[in-house]
Amino acid sequence: MINSGDTAWVLISTALVILMTPALGFFYAGLVRKKNVLSTIMLSVALLALISLQWAFFGYSLAFGADRGGLIGGLNWLGLNGVGQAPNAAYAPTIPHLAFMVFQLAFAVITPALITGAFVERINFSGFLVFTFLWATFIYDPLAHWVWGVGGWLRTLGALDFAGGAVVHISAGLAALAVALVIGKRKDYGKIPMEPSNIPFTVLGAFLLWFGWFGFNGGSALSSGGLAASALVATNLAGAAAAITWMVISWIHKRPNLLGLATGGIAGLAAVTPASGFISPLSAMAIGMVAAIFCYYMIIFRVRVGLDESLDVFACHGIGGLWGVLAVGLFAEKAVNAAGADGLFFGNPGQLGAQLIMAASVALFSFIATYILAKVVDAIFVLRVKKNEEEIGLDISQHGETVY
Amino acid sequence: MGFKKIEAIIRTEKLDEVRMAVEGVGIVGMTVTEVKGRGSQKGILLEWRAGEYRVEFLPKLKLELVVHDVDLEKAVEALSAAARTGKVGDGKIFIYSMEDIVRVRTGERGRPAV
Amino acid sequence: MKKIEAIIRIEKLDEVRVALEKEGFVGMTVTEIKGRGSQKGVMLEWRAGEYRVEFLPKLKIELVVNGDRTEAAIRIIAEAARTGAIGDGKIFIYPVEDVVRIRTGERGIEAV
């Protein structure tokens, strides 16, 4: 039975989450050098178009279609055949199946877009398109099925991921780490300054992401009632707690800076994503605060070891997502969401085990499969631009355009 | 009698003080360019998302003004006094001799064009 | 004293800076400019098709050196800035009459 309130909220949430991909483009673009601003935005927005098509042709079916052994969906919804205006009772009984499909599309788009932070300023555009198309097909679609598809093995196990801590953040974070290792450091990384070109872009992008996250987490209730409100409140509080914590840490080290505050907010929002529909407001603050500490020191560590995972997708989304998925096993309460479970702090240590299995399996699969995929694509299509193209900048060398 | 070009690299925040000081000695025309520079100050550390990074060049302003030989010393004097804080990074003044000057509007050359 | 004014490719700044620093030339001023020489313009992509840009973004580096160090500085810049392709830029050399260090008021060679 279609409920108009639920449908309206999910459609609005879809639009909010779609906005996050261009927002991410600006978030990343402000952090790169001026010669790569357009290229960096291009990586995100090209995926909005490309993965939209992939999702409609076969991606949605692979993720949510009839289960094959708990690992992947079937081809029964190829070309959205059979995905209509009537609800699909197994996924969302009160909204059109098409609304559920397009809400999920927004997640399928932003996840590979997150990974682009690992290889900005040196990626060959054609190799990138091939890589992400295959990544969406062979890594994202199966992972979405494991966790969210009816019959998916992690869903059957009882592991909980409300809005994509594992499917989106752990998978993108670990994939970023893998592909950064394959593509290598930017030319002269560590020797010359890599100045952020436009901090206002980054902050604008970060807070548009924050805004979109209300749809990301709130919309994952797939209804417009109390659960959506609870998830939306948890989202805002985790982002706020992480932003303030990050600011305090950087203040203790030296100065409270805007780039840090914005980054902290994103780390907190990533961490609360899997938990947002299962936790109380105070738990959300605790999750955000701890996320800021973990992610901050992971960036420091990443820089110290000289790994050029350029925009810290692993440190923010990978670590934030891993912490968030485990935090579900600590902070979840049936009192908040009867369809969820109690965590360790509410008398059910078993949930932490299920969360641990989900975190570890998604992380390992994403890292290993991405590493192999990146190696193969690099060998055939080349992931990295030539040295002089990198020096001139990707805006000119890849796209023939320049910024301000 | 000749002319000199005075080219001064100064702190960006000193522009208005310097402008008023040289106006005080009767010099009104000048060109200002936003530049980046470094001297013995070398770079500075700015905040990254976590930790810091070094910027090698700092934003400065370059002022260019052309004066008669006789006005050179008082212009340099006024300019450097106004631009000085006493700390590293105050900048430098370079003095060049000019061969000729043209006022574009009228085509006047030399002294009347200054 | 001489002023060396070099128009170089934007992407060569760090190489030039590091090479100069190695030989003890620390102070310099950098300006974002547009210029053209025999490279003339380039074609950039429009929404569909292309358009011609007549002036290309370049950097101007200026440094003032002691006369006996002029040739060394010119050689370092030319080597570091060279790619061999059209558009590598040019170096102009001017005489400088005097230099003032604003902080101390020192003049001449000491102030360089």
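The values are calculated or read from the model by the stated rules, or taken from the named source; none is laboratory data. Since this is a predicted model, take the numbers as computed values, not measurements. So basically every Cβ, Gly included, is an ideal-geometry build from the backbone, and we count neighbours across all protein chains shown. Please note that ligands, DNA and RNA were not included when accessible areas were found on the heavy atoms of the full protein model with its side chains. Shrake-Rupley method; radii C 1.70, N 1.55, O 1.52, S 1.80 Å.
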- Task: Would you mind finding the one in B:7, B:47 that is at negative phi, charged (D, E, K, R) and at pLDDT 95 or above?
- Result: B:7
- Given region A:330-404, what helices (runs of 4 or more DSSP H) lie entirely inside it while holding 2 or more residues that are open to solvent by less than 20 Å² (accessible area, probe 1.4 Å) and under 30 Å from residue A:288 (Cα atoms)? A:350-381
- Task: Among the residues of region C:1-19, count how many are over 11 Å from the mean Cα position of the chain (by Cα) and either of a type outside the set (Lys, Arg) or away from every other protein chain (no Cβ under 12 Å) (or both).
- Result: 6
- Is it the case that some residue within region A:120-127 is open to solvent by 10 Å² or more (accessible area, probe 1.4 Å) and assigned to a helix (DSSP H, G or I)? yes
- Query: Scanning for something modelled with pLDDT under 80 and open to solvent by less than 70 Å² (accessible area, probe 1.4 Å), does region C:9-26 turn up at least one residue?
  - Reply: no
- Note on the structure: Matching residues in region C:61-112 (within 14 Å of chain B (Cβ to nearest Cβ), farther than 28 Å from residue B:87 by Cα and surrounded by 13 or more Cβ atoms within 10 Å (Cβ to Cβ)) number 2
- Where in region C:28-112 are there strands (runs of 3 or more DSSP E), lying fully within it, with 3 or more residues that are within 13 Å of the chain's Cα centre (by Cα)? C:28-35, C:56-65, C:90-95
- Item | Residues that are in contact (Cβ under 8 Å) with a residue 40 or more places away in the chain and polar (S, T, N, Q), drawn from region B:14-61 | B:40, B:41
- Those strands (runs of 3 or more DSSP E) completely within chain B that have 2 or more residues that are away from chain A (no Cβ under 14 Å) and surrounded by 19 or more Cβ atoms within 10 Å (Cβ to Cβ) are B:3-10, B:31-38, B:58-68, B:92-98
- Among the residues of region A:60-67, is there at least one that is of a type in the set (A, V, I, L, M, F, W, C), touching a strand residue (DSSP E or B) at 6+ places or on another chain (Cβ under 7 Å), more than 16 Å from residue A:103 (Cα to Cα) and surrounded by fewer than 24 Cβ atoms within 10 Å (Cβ to Cβ)? yes
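Residues are listed down the side, and each one gets a yes or a no for (1) of a type in the set (S, T, N, Q); (2) without any contact (Cβ under 8 Å) to a residue 60 or more places away in the chain; (3) buried (at least 24 other Cβ atoms within 10 Å of the Cβ):
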| residue | (1), (2), (3) |
| --- | --- |
| A:263 | yes, yes, yes |
| A:269 | no, no, yes |
| A:277 | no, no, yes |
| A:282 | no, yes, no |
| A:287 | no, yes, yes |
| A:291 | no, yes, yes |
| A:298 | no, yes, no |
